[in-house]
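The values are calculated or read from the model by the stated rules, or taken from the named source; none is laboratory data. The structure presented is a predicted model; accordingly, all values stated were derived computationally and were not measured. Using ideal geometry, Cβ is built from the backbone for each residue, glycine included, and neighbour counts are taken over all protein chains shown. Surface accessibility is based on the protein's heavy atoms, side chains included, excluding ligands, DNA and RNA. Shrake-Rupley method; radii C 1.70, N 1.55, O 1.52, S 1.80 Å.
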Amino acid sequence: MDSARKSSRHSIKLTVNGMEYRIEAEARKLLVDVLRHDLGLTGTHVGCEQGVCGNCTVILNGRAVNSCLIFAVQADGSEIETVEGLASGDELHPLQKAFQEHHALQCGFCTPGVLMNAVDILRKNPEPNAEEIREDISGNMCRCGEYENIIEAIKAASIEMSKNDAS
């Protein structure tokens, strides 16, 4: 039994928020669990574990993905961004500031996933309108129902980020 168990473990390399990690992971271990339990990055939340709620959203190789649907071994060699990598030291990312200013936080459970999805949205479309944002965040469930505040926060962040890009 030990040999079967040993053979299901794989050495993987992940670059998370710019830092390289080498870990041993069982073939069936999910990326969300590696991030939370092995790397201690608990900002990525576990919600439905079925890819429906978006709470576990991270950026994997430049794309927003549900980390509960990806085995860690599938991410071997990948670049991953989590909510912990948004702020620069004590300086919040413009999205984080906008969520604060527009009361888009409420209980905060969905916030990390929504923020990471919003990063992806704004990278693809730096100036989305409300309807585009609404469509793009449709995979993120907010149990507090703060969708309008979330949309306003993403719009405000896009304006702020475009100002910073212009300077």
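The accessible surface of the stretch 51-167, taken with every protein chain in place and a 1.4 Å probe, is 48 percent carbon and sulfur.
Cross-link partners for Lys29 among the lysines, with Cα-Cα distance under 19 Å and sequence neighbours closer than 8 places in the same chain left out: Lys6, Lys13. Between Ile23 and Ser138, what FRET efficiency follows from the Cβ-Cβ distance if R0 is 30 Å, with the result rounded to 0.05? The formula returns an efficiency of 0.35 here.
If you take the Cα centroid of the stretch 103-157 and the Cα centroid of the stretch 45-76, the two points sit 17 Å apart. In the set (i) 20; (ii) 47; (iii) 24, the label that goes with percent of Cα pairs over 28 Å apart computed for this structure is (iii). Within a straight-line Cα-Cα reach of under 19 Å, Lys124 can be paired with the following aspartates and glutamates, leaving aside sequence neighbours fewer than 8 residues apart in one chain: Glu79, Glu81, Glu132, Glu135, Asp136, Glu152, Glu160, Asp165. For Cα pairs less than 8 Å apart in space and 6+ apart in sequence, what is the mean separation divided by the residue count of the stretch 17-161, i.e. the relative contact order in percent? Relative contact order, the stretch 17-161: 26 percent.
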